[in-house]
1. Within segment 122-130, can one find any residue that is assigned to a loop (DSSP other than H, G, I, E, B) and either surrounded by 14 or more Cβ atoms within 10 Å (Cβ to Cβ) or modelled with pLDDT of 80 or more (or both)?
2. So which residues in segment 109-121 are in a helix (DSSP H, G or I), over 18 Å from Leu72 (Cβ atoms) and in contact (Cβ under 8 Å) with a residue 60 or more places away in the chain, if there are any at all?
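The values are calculated or read from the model by the stated rules, or taken from the named source; none is laboratory data. Keep in mind it's a predicted model, so treat the numbers as computed, not measured. When we count neighbours, we look across all protein chains shown, and the Cβ atoms used for this are built from the backbone with ideal geometry, even at glycine.
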Amino acid sequence: MLEWSEIVLRLGAATLAGGLIGLNRDLQGKPIGLRTLGLVGLATAMVVVAAESFGNIEKTPDAVSRIIQGILTGIGFLGAGVIVHRENRSRVQGLTSAACTWLTACIGIMCGAGQWRIVIVALGITFLVLIFGGKVERRLHRALGGKETAKQTSTPADAPPT
């Protein structure tokens, strides 16, 4: 049985991590944000903590594995809700936000399992990709002669959500 402090730490860290990813999405004007991803992190951590608390992990190690598999399968439906087809279905938007939803679930799982080093490294890499990834992608497209998308050629005021 986990102590109260450990439960608060695991669930709080998952909520905070998800909220931070959501804040990035909010600041970018995306269709998913701080509250949604904070709740995704909390919910997934809660299920993992509950699984750890209910059963004897040494006797039934596959129980947590089944719960994690269920979370990762089910979270796809939430992520799919932020993917939108625009302009005669020729452009897809919201894939990064959908990926953030799935990633937040994974981070919630790691918080629920108490895997702090994985959480810290994953969050660091996440914010590097979210903050600098678009800039690097645009520069590489220009340098390598890649096909520019409407997102890359539009101005920030009329840029479509991702």
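1. Narrowing segment 122-130 to residues assigned to a loop (DSSP other than H, G, I, E, B): none.
No: zero hits.
2. Residue satisfying the conditions is Trp116 alone.
Conditions tested, residue by residue: (1) more than 13 Å from the chain's Cα centre (by Cα); (2) modelled with pLDDT under 90; (3) among the polar types (S, T, N, Q).
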| position | (1), (2), (3) |
| --- | --- |
| Met1 | yes, yes, no |
| Ala14 | no, no, no |
| Leu20 | no, no, no |
| Leu27 | yes, no, no |
| Gly33 | no, yes, no |
| Gly38 | no, no, no |
| Asn56 | yes, yes, yes |
| Ser65 | yes, yes, yes |
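Per-residue answers, yes or no, for (1) closer than 11 Å to Ala105 by Cα; (2) touching a strand residue (DSSP E or B) at 6+ places or on another chain (Cβ under 6 Å); (3) touching a residue at least 60 places away in the same chain (Cβ under 8 Å):
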residue: Ile7; (1), (2), (3): no, no, no
residue: Leu16; (1), (2), (3): no, no, no
residue: Gln28; (1), (2), (3): no, no, yes
residue: Leu34; (1), (2), (3): no, no, no
residue: Leu39; (1), (2), (3): yes, no, no
